[in-house]
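Read the figures in this text as sums done on the coordinates, not as results from a lab. Just so it is clear, the model here is predicted, and its values are computed rather than measured. Every residue, glycine as well, gets a Cβ built from its backbone with ideal geometry; the counts of neighbours run over all protein chains shown.
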Amino acid sequence: MTVESRLRPLTDRQSTPQRFLGLPAPTESELRALIEAAAKVSDHGRLRPWRLLLIHGEARDALGQALVDMRKARGDEMDEAVLQKDLQRFSHAPVVIAVIARLTPDHKIPEVEQLLSAAALAQNLLIGACALGYGAIWLTGWPAYDETALRMLGVESHEKVVGFIHIGTAQGEVPPRERPSYEQLVREWRPADMPAI
Ligand SMILES: Cc1cc2nc3c(=O)[nH]c(=O)nc-3n(C[C@H](O)[C@H](O)[C@H](O)COP(=O)(O)O)c2cc1C
């Protein structure tokens with residue numbers, strides 16, 4: 001196996017815009033395998049500082065409707081385009097996985113490391129979904145930060161939504177994005193460059 005082919009799960013991954021995500025959905029057994037594989041994630045202190053919420057089937061439209069109803073009830077200004085966007089926010093891809101960081105404050109493992117572990121799990125989901133032949137994208141948007149929306153999702157005060165991973169089958173080609181080269185990314189650290197401290 002060449003280096004290129006071994007790295008293919010990483011180099012082949014790219015996001016699919018959610019409006020291009022449709023059926024078929026991952027099967028139940030693919031989803032289980034994907035989630036268990038994605039949870040093989042770096043986790044300082046074995047805290048398992050994450051949990052997942054599966055939003056699929058009719059729950060997707062129901063969540064969009066509930067978000068719109070909530071915004072109307074509290075008097076948010078919404079033109080028709082915003083309203084439609086929120087209605088459809090979780091409805092394009094057949095499966096959406098909310099990745100939730102469960103943070104333990106004042107732990108010897110800093111909160112930021114707990115959050116980063118959840119983010120790594122989210123990235124594993126993306127890589128795994130693409131390796132299975134599906135399209136996927138990591139989105140947040142206002143519901144990831146809005147107190148009422150978070151309550152509707154059952155997210156508690158010590159928790160944060162690190163992202164919604166939308167997964168489905170890409171309907172059409174997504175143009176490749178330009179990626180940074182080794183030269184653009186890497187500088188070598190040399191002891192001689194160290195400032196006097
Ligand atoms: C934490 C996080 C949140 C994101 N939220 C959004 C979002 O709400 N809307 C959006 O268009 N892209 C969002 N993105 C960017 C997309 O997931 C994706 O990275 C981007 O479209 C580039 O595609 P690529 O993954 O192929 O590089 C987010 C990325 C991250 C890491």
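Segment 1-26 and segment 98-166 have Cα centres spaced 20 Å apart. With a simple spin-label model that places each label point 7 Å from the Cα along the Cα-to-Cβ direction, the separation between HIS158 and SER5 comes to 4.8 nm. Each of GLN171, VAL96, ALA120 was scored by the projection of its Cα onto the charge dipole of segment 11-193, and the greatest displacement toward the positive side belongs to ALA120; charges sit on the C-beta of Lys, Arg, Asp and Glu. Positive end of the dipole of the chain (Cβ unit charges, origin at the Cα centre): among VAL186, GLY75, LEU139, the Cα lying farthest that way belongs to VAL186.
Note on ARG19 and THR148: with the Förster distance fixed at 30 Å, the Cβ-Cβ geometry gives a FRET efficiency of about 0.70. Taking the Cα centre of the chain as origin and assigning +1 to Lys and Arg Cβ atoms and -1 to Asp and Glu Cβ atoms, the resulting dipole is close to 440 debye. Projecting the Cα atoms of LEU21, LEU53, MET1 onto the charge dipole of the chain (Cβ charges, centred on the Cα centre) puts MET1 farthest toward the positive pole. Using the Cβ-Cβ distance between ALA37 and ASP61 with R0 = 25 Å, the FRET efficiency computed as 1/(1 + (r/R0)^6) comes to roughly 0.30. For MET194 and GLU77, the difference between the fully extended length at 0.36 nm per residue and the C-alpha to C-alpha distance is 36.8 nm.
Compute the acute angle (0 to 90°) between the alpha-carbon long axis of helix 28-38 and the principal axis of greatest extent of the alpha-carbon atoms of the chain; round to the nearest 10°. Taking Cα atoms only, the helix is inclined about 40 degrees. Comparing SER42, SER181, SER157 in a Gaussian network model of the chain (Cα springs below 10 Å), the most mobile by mean-square fluctuation is SER181. Per-residue extension of 0.36 nm, minus the Cα-Cα distance of ASP12 and ASP106, leaves a gain of 29.9 nm for this segment.
Sorted into 10 angstrom bins from 0, the C-alpha pair distances of segment 1-115 split as 11, 27, 31, 25, 6, 1 percent.
For the chain, the Kirkwood hydrodynamic radius from C-alpha pairs, put into Stokes-Einstein at 4 °C and a viscosity of 1.567 mPa s, yields a diffusion coefficient of 69 µm² per second.
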